[in-house]
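*Asks:* Just passing along the structure, written as structure tokens.
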Amino acid sequence: MSPYALSMLMSSLAVGTIVTLSSHHWFLAWMGLEINTLAIIPLMTKMHHPRATESATKYFLTQATASALILFSTTINAWMTGEWTIMNMTNPTPTVILTLALAIKLGIAPFHLWLPDVLQGLNMLTCLILSTWQKLAPMALMMLTSHQLNTNLLIAMALMSTIIGGWGGLNQTQMRKIMAYSSIAHLGWMILVISFAPSLALLNLLIYLVLTSSMFLMLMTLNSTNTNKLSISWLKTPTLAASMMVTLMALGGLPPTSGFLPKWLILQEMTKQHLGTLSALMAMSALLSLFFYIRLSYTISMTSPPNISNSSLTWRKKKNLTYVIPILIIMSATMMPITPTLLLLN
């Protein structure tokens with residue numbers, strides 16, 4: 001792809017997200033979401049492969065459906081209240097339609113089926129954008145309207161997302177599908193707490209962005225798209241392979257990594273709201289995700305590659321993104337000490 005076209009598309013992605021984040025009017029927010037969707041479609045189809053075209057088509061149809069539902073719900077709300085303000089969603093019918101539309105946009109269960117298939121047909125950089133940047137605008141809208149959304153519906157979708165996200169990733173060998181199910185599970189934790197403490201949902205989103213970006217950049221550096229390629233990553237860059245294990249443990253939520261911090265605070269908030277059974281179910285569903293993260297760590301560290309190499313090190317190709325990876329790895333492993341500060345802020 002031409003660098004001029006790439007820069008224009010990336011700028012459009014940024015503009016679409018910023019328009020949605022800074023808007024108070026529903027039509028302007030919807031327009032930002034549409035700019036976002038239309039800007040990423042050419043990035044998805046730049047591989048000129050049938051799988052990429054299929055992924056782009058699935059993504060476009062799903063996002064178009066969600067956008068139509070958002071416009072429909074906000075039009076009903078404007079008809080009932082006479083206002084297009086984002087913060088004024090008082091009627092239950094448009095609120096439920098809006099919740100479902102944003103769930104489709106984000107890939108929250110039970111509207112998650114498009115996400116693993118779409119990610120599997122794309123290259124790693126587009127997967128990174130789709131899993132991180134494209135979540136910002138819909139999640140911002142969900143946070144803005146969080147005090148008016150149906151809490152029971154959000155809790156049901158959150159529990160379903162964490163269970164399906166953990167269960168779906170158990171039998172996968174493709175790294176992009178594993179990261180898709182990981183994204184579904186993390187989104188479940190975010191929408192669980194969004195009605196009770198939006199600041200915790202924002203913290204979870206920020207840590208999810210750091211961990212997912214770190215993981216995708218490492219997979220791009222090691223050129224690992226499945227578990228077989230992952231098993232020879234220690235031949236390419238041993239230090240990066242060891243760091244990937246730490247990031248995987250952070251994604252699973254093991255202490256003392258950064259991934260433990262949002263889960264701990266969210267479970268604490270749920271018990272304060274007298275939702276002990278739900279907290280126990282969420283903690284147990286996190287074990288499903290943790291299992292396949294540990295399986296990946298085992299693949300990296302303790303399995304022999306299927307083809308025996310005669311040399312102890314493989315040829316290494318210089319990458320341009322390596323200076324970003326150490327910063328993200330450090331953030332993935334060392335954000336636990338800021339917990340007292342966050343507790344004071346809440």
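*Asks:* On the given criteria, is M87 modelled with pLDDT of 95 or more and either closer than 22 Å to S285 by Cα or open to solvent by 10 Å² or more (accessible area, probe 1.4 Å) (or both)?
*Replies:* Taking the combined requirement at face value, the residue does not satisfy it.
*Asks:* Filter the stretch 72-84 down to residues that are in contact (Cβ under 8 Å) with a residue 24 or more places away in the chain and open to solvent by 50 Å² or more (accessible area, probe 1.4 Å) and give me whichever is nearest to the chain's Cα centre (by Cα).
*Replies:* The selected residue is F72.
*Asks:* Mind checking which residues of the stretch 174-184 are touching an Asp or Glu at 6+ places or on another chain (Cβ under 9 Å) and either over 24 Å from S231 (Cβ atoms) or surrounded by 21 or more Cβ atoms within 10 Å (Cβ to Cβ) (or both)?
*Replies:* Listed by number, the list holds a single entry, A180.
*Asks:* Filter the stretch 218-263 down to residues that are farther than 21 Å from S279 by Cβ and among the basic types (K, R) and give me whichever is most open to solvent (accessible area, probe 1.4 Å).
*Replies:* Taking the candidates together, the pick is K229.
*Asks:* Go through P116, P138, P110, P94 for me and flag whichever is touching a helix residue (DSSP H, G or I) at 6+ places or on another chain (Cβ under 9 Å) and in a loop (DSSP other than H, G, I, E, B). Step through it out loud before you land on a result.
*Replies:* On the way: P116 fails: in a loop (DSSP other than H, G, I, E, B); P138 fails: in a loop (DSSP other than H, G, I, E, B); P94 fails: in a loop (DSSP other than H, G, I, E, B).
When all the criteria are applied, what remains is P110.
*Asks:* Let me ask something additional. How many of the residues making up the stretch 1-47 are touching a helix residue (DSSP H, G or I) at 6+ places or on another chain (Cβ under 7 Å) and either outside any helix (DSSP H, G or I) or among the charged types (D, E, K, R) (or both)? Write out each step before concluding.
*Replies:* To start, the set of residues in the stretch 1-47 that are touching a helix residue (DSSP H, G or I) at 6+ places or on another chain (Cβ under 7 Å) comprises 9, 12-13, 15-17, 19-21, 23, 26, 28-37, 39-45.
Those still in the list that are either outside any helix (DSSP H, G or I) or among the charged types (D, E, K, R) (or both) too: 23, 34, 45.
So the answer is 3.
*Asks:* For L119, are the conditions met, namely being open to solvent by 20 Å² or more (accessible area, probe 1.4 Å), touching a residue at least 40 places away in the same chain (Cβ under 8 Å) and under 21 Å from R176 (Cβ atoms)? Before you say what the answer is, go through the steps one by one.
*Replies:* Details: open to solvent by 20 Å² or more (accessible area, probe 1.4 Å): no; touching a residue at least 40 places away in the same chain (Cβ under 8 Å): yes; under 21 Å from R176 (Cβ atoms): yes.
No.
*Asks:* Out of T53, T65, I need the residue that is modelled with pLDDT of 95 or more, surrounded by fewer than 19 Cβ atoms within 10 Å (Cβ to Cβ) and of a type in the set (V, I, T). Which one?
*Replies:* Going through T53, T65 in turn, just one is modelled with pLDDT of 95 or more, surrounded by fewer than 19 Cβ atoms within 10 Å (Cβ to Cβ) and of a type in the set (V, I, T): T65.
*Asks:* Answer yes or no: is there a residue in the stretch 128-135 that is of a type in the set (F, W, Y), in a helix (DSSP H, G or I) and within 20 Å of Y59 (Cα to Cα).
*Replies:* yes
*Asks:* Please state which one of S195, S183, S224 is assigned to a helix (DSSP H, G or I) and of a type outside the set (D, E, K, R).
*Replies:* Exactly one of S195, S183, S224 is assigned to a helix (DSSP H, G or I) and of a type outside the set (D, E, K, R), namely S183.
Every residue, every condition in (1) assigned by the TED database to the domain that holds S73; (2) surrounded by fewer than 24 Cβ atoms within 10 Å (Cβ to Cβ); (3) small (G, A, S); (4) in contact (Cβ under 8 Å) with a residue 12 or more places away in the chain, yes or no:
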residue	(1), (2), (3), (4)
T132	no, yes, no, yes
M143	no, yes, no, yes
I164	no, yes, no, yes
G168	no, no, yes, yes
Q172	no, yes, no, yes
H186	no, no, no, yes
F196	no, yes, no, yes
L200	no, yes, no, yes
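*Asks:* Being open to solvent by 40 Å² or more (accessible area, probe 1.4 Å), farther than 20 Å from T75 by Cβ and either hydroxyl-bearing (S, T, Y) or modelled with pLDDT under 95 (or both), is that true of even one residue in the stretch 22-31?
*Replies:* Yes, that holds for at least one residue.
*Asks:* Quick check, is L219 touching a Ser or Thr at 6+ places or on another chain (Cβ under 8 Å) and either outside any helix (DSSP H, G or I) or at negative phi (or both)?
*Replies:* Considered against the rule, which asks whether it is touching a Ser or Thr at 6+ places or on another chain (Cβ under 8 Å) and either outside any helix (DSSP H, G or I) or at negative phi (or both), L219 comes out as yes.
*Asks:* Pairs, please: C-beta under 9 Å, at least 6 apart or cross-chain, first residue among the charged types (D, E, K, R) and in the stretch 36-62, second in a loop (DSSP other than H, G, I, E, B) and open to solvent by 60 Å² or more (accessible area, probe 1.4 Å)?
*Replies:* K46/M1
*Asks:* Kindly establish whether F292 is open to solvent by less than 40 Å² (accessible area, probe 1.4 Å), on the phi < 0 side of the Ramachandran plot and modelled with pLDDT of 90 or more.
*Replies:* So F292 passes the test.
The values are calculated or read from the model by the stated rules, or taken from the named source; none is laboratory data. Quick caveat: nothing in here was measured; it's all calculated off a predicted structure. With ideal geometry, Cβ positions are generated from the backbone for all residues, glycine too; neighbour counts draw on all protein chains shown. SASA here: full protein model, heavy atoms, side chains in, ligands and nucleic acids out. Shrake-Rupley method; radii C 1.70, N 1.55, O 1.52, S 1.80 Å.
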